[in-house]
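Visitor: I'd like to ask you about the structure that follows.
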Amino acid sequence: MYRRISDSEFAAFLSNAYSGAPAVRRLLDEAGLRPNELGPPEAVLPRLRVTRKEELSAQQQEDPPFGGWVSGGMSSLRRVFVSPGPIYNVEGTRLDDWGAAEAFRAAGFGPGDLVLNTFTYHLSPAAFMIEAGVLSLGGTVVPAGTMSRSEQARLLQQLPVTGFAGLPSYLRALLATILEESRAGGVSKPRLALRRAWFTAERLDDDFRQELAEEWDVKAFQGYGTAELGIVAYECEAQQGMHLVEQVIVEVLDPATREPVPEGEVGELVVTALRPAYPLVRLATGDLSRVIPEPCRCGRSSPRIAGVLGRVGAGVKVRGMFIYPHQIEQLARAVPGIARIAARVGQEGHRDCLWLDVETQAGEAHDPAAAAALKEAVTAAAQDRLRVRPDRVELYPPGQLGDRPVLADSRQK
Ligand SMILES: [Zn+2]
């Protein structure tokens, strides 16, 4: 279990949630816990039932509108959002209810920044999370939302916009538009005031991060959050994994057994968000990640996670056995000398096949004997952990697998 808050802050949070939010009261009652005898989160949380994201929708239908998860009634809320499901999520009345300020501070945002916020302002919370983070640091926001790409490209050039918030693919498209237009107009590449970009909801690939730094002098940062929980983790200047925000407690659990996985191994992120108005306790996100146990070179002592490595339930059936992306990640970590594995499931005749493309670490497997030994080790580990013997294991030098998915199924459906 990974947290920054103290035992007493946790106890105060949970006893307030117990008295204000019927859903939290139900969880504690089920576990036979009394709010006046609460211990540290390590003693309390494992006794409480995990709630899957999909269950929220059903609970809200049974006990409208919020399934009992809102503490303090409507007067404790600033906004109500609608996610597909439908799930209603809420924002409390604190200025930075979503925990975004520390994420933006770590990315270097502050007073004097003008941030182009390209998340939609229509029913979804991401735009409001970002706004709250920027505003509480003294920055200024252009609430651009979903206006057209050419209009946003114009804003980037006409206003002294120093920060971008949105999806990486969207900024890539905006910058391409700017380049095209300048080329068509016969002018050289414009100089932008843009210096920082903050991304969430879509993975930032290393190539684009590098392109932003080298071509545009823009430093890119990523955050992880959900519409229910707010911001959960964010990149610091070291950009090696994401630090947890102060208001969350994160568990990394085996999706099947709900037991904690060993530190550093991949499991499902189960998050308790200490938001007074919306106290979600042990929400299973469906996102797979792992904790990075080594200290960060930025000097922050807060725990780090590796970002989203896959989704729970994205299992693929091979010869009767389900294989999950996190198992492939674990496999790669279990065999020394391996950087990553991209698994493919296909078919030869009517037989399911499992092919493992293995990216080695630098200096590994140069001579044939070492390569054969490495393949054998991967095969044995796969058989042991997946209970499926791979049909082929291929080795690749570092960097060769690019953005290949951890697990892909190429069979005809
Ligand atoms: Zn750091």
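The values are calculated or read from the model by the stated rules, or taken from the named source; none is laboratory data. This is a predicted model, so every value here is computed, not measured. Because the Cβ atoms are built from the backbone with ideal geometry, glycine has one as well, and the counts that use them run over all protein chains shown. Keep in mind that these areas ignore ligands, DNA and RNA; they rest on the heavy atoms of the full protein, side chains included. Shrake-Rupley method; radii C 1.70, N 1.55, O 1.52, S 1.80 Å.
Visitor: In this structure, is Leu269 in a strand (DSSP E or B), within 30 Å of Gly68 (Cα to Cα) and open to solvent by less than 10 Å² (accessible area, probe 1.4 Å)?
Guide: For Leu269, the condition - in a strand (DSSP E or B), within 30 Å of Gly68 (Cα to Cα) and open to solvent by less than 10 Å² (accessible area, probe 1.4 Å) - is met.
Visitor: Within the stretch 195-209, work out how many residues are of a type in the set (A, V, I, L, M) and either open to solvent by 70 Å² or more (accessible area, probe 1.4 Å) or in contact with a Phe, Trp or Tyr (Cβ under 6 Å, 6 or more places away or on another chain) (or both).
Guide: 2
Visitor: I'd like the full set of residues that are closer than 15 Å to Gly99 by Cα and within 16 Å of the ligand (Cβ to nearest atom), limited to the stretch 196-235.
Guide: Trp198, Gln222, Gly223, Tyr224, Ile231, Val232, Ala233, Tyr234, Glu235
Visitor: Going residue by residue through the stretch 314-327, is there one that turns out to be in contact with a Lys or Arg (Cβ under 9 Å, 6 or more places away or on another chain), part of a strand (DSSP E or B), over 30 Å from Gly223 (Cα atoms) and modelled with pLDDT under 90?
Guide: Within the stretch 314-327, one or more residues are in contact with a Lys or Arg (Cβ under 9 Å, 6 or more places away or on another chain), part of a strand (DSSP E or B), over 30 Å from Gly223 (Cα atoms) and modelled with pLDDT under 90.
Visitor: Then there is this: Would you mind finding the one in Gln400, Gln330, Gln383 that is farther than 26 Å from Leu269 by Cβ and within 25 Å of the chain's Cα centre (by Cα)?
Guide: Gln400
Visitor: If you don't mind, there's one more thing I want to ask. Before we move on, is Arg49 touching a strand residue (DSSP E or B) at 6+ places or on another chain (Cβ under 8 Å) and surrounded by fewer than 16 Cβ atoms within 10 Å (Cβ to Cβ)?
Guide: For Arg49, the condition - touching a strand residue (DSSP E or B) at 6+ places or on another chain (Cβ under 8 Å) and surrounded by fewer than 16 Cβ atoms within 10 Å (Cβ to Cβ) - is not met.
Visitor: Could you grab the pairs with beta carbons closer than 7 Å, sequence gap of 6+ or different chains, first residue in the stretch 235-252 and farther than 19 Å from Ser8 by Cα, second one within 13 Å of the ligand (Cβ to nearest atom) and acidic (Asp, Glu)?
Guide: Short answer, once both residue conditions are applied: Met242/Glu235.
Visitor: Follow-up. Count, please, the residues in the stretch 287-305 that happen to be among the polar types (S, T, N, Q) and either more than 21 Å from Thr200 (Cα to Cα) or assigned to a loop (DSSP other than H, G, I, E, B) (or both).
Guide: Count: 2.
Visitor: What number of residues within the stretch 76-96 satisfy the criterion of being touching a residue at least 24 places away in the same chain (Cβ under 8 Å) and touching a Phe, Trp or Tyr at 6+ places or on another chain (Cβ under 9 Å)?
Guide: Number of matching residues: 11.
Visitor: May I pose another question? Taking Asp287 as meeting all but one of (1) of a type in the set (Asp, Glu); (2) within 16 Å of the ligand (Cβ to nearest atom); (3) closer than 23 Å to Phe81 by Cα, write down the number of the exception.
Guide: Asp287 satisfies every listed condition except (2).
Visitor: Being at pLDDT 95 or above, under 17 Å from Ile5 (Cα atoms), away from the ligand (no atom under 14 Å from the Cβ) and surrounded by fewer than 24 Cβ atoms within 10 Å (Cβ to Cβ) narrows it down to one residue among Pro279, Pro260; which is it?
Guide: Answer to the check: Pro279.
Visitor: Right, another one. Would you be able to say whether some residue in the stretch 31-43 is closer than 29 Å to Glu102 by Cα, buried (at least 17 other Cβ atoms within 10 Å of the Cβ) and modelled with pLDDT of 95 or more?
Guide: yes
Visitor: What are the residue pairs meeting all of these: first residue in the stretch 103-130, first residue assigned to a loop (DSSP other than H, G, I, E, B), second residue within 16 Å of the ligand (Cβ to nearest atom) and open to solvent by less than 30 Å² (accessible area, probe 1.4 Å), Cβ atoms under 6 Å, and 6 or more apart or on different chains?
Guide: Hits for this filter: Ala107/Trp198; Ala107/Phe221.
Visitor: If Arg195 satisfies every condition in (1) basic (Lys, Arg); (2) over 30 Å from Arg311 (Cα atoms); (3) at pLDDT below 95 but one, which is the exception?
Guide: Looking at each condition in turn, Arg195 falls short on (3).
Visitor: Which of the residues spanning the stretch 351-379 are over 14 Å from Asp391 (Cα atoms) and not hydrophobic (A, V, I, L, M, F, W, C)?
Guide: Listed by number, the residues that qualify are Glu359, Thr360, Gln361, Gly363, Glu364, His366, Asp367, Pro368.
Visitor: Tell me, which residue of the stretch 227-246 that is open to solvent by 10 Å² or more (accessible area, probe 1.4 Å) and under 12 Å from Val308 (Cα atoms) is modelled with the lowest pLDDT?
Guide: The extreme case among them is Gly241.
Visitor: On to the next question. Sort out which residues of the stretch 236-285 are out of contact with any helix residue (DSSP H, G or I) (no Cβ under 6 Å at 6 or more places or on another chain) and among the small types (Gly, Ala, Ser), and write them in order of number.
Guide: Ala238, Gly241, Ala256, Gly264, Gly267, Ala273, Ala284
Visitor: While we're here: Listed residues Ile292, Ile323, Ile249, Ile305; which is open to solvent by less than 10 Å² (accessible area, probe 1.4 Å) and within 16 Å of the ligand (Cβ to nearest atom)?
Guide: None of the other options fit; the residue is Ile305.
Visitor: Within the stretch 180-188, can one find any residue that is under 15 Å from the mean Cα position of the chain (by Cα) and either open to solvent by less than 20 Å² (accessible area, probe 1.4 Å) or closer than 25 Å to Ser148 by Cβ (or both)?
Guide: Scanning the stretch 180-188 turns up no residue that is under 15 Å from the mean Cα position of the chain (by Cα) and either open to solvent by less than 20 Å² (accessible area, probe 1.4 Å) or closer than 25 Å to Ser148 by Cβ (or both).
Visitor: Within the stretch 79-116, take every residue that is of a type in the set (D, E, K, R) and open to solvent by less than 10 Å² (accessible area, probe 1.4 Å) and give me the one that is farthest from the ligand (Cβ to nearest atom).
Guide: Selected residue: Glu91.
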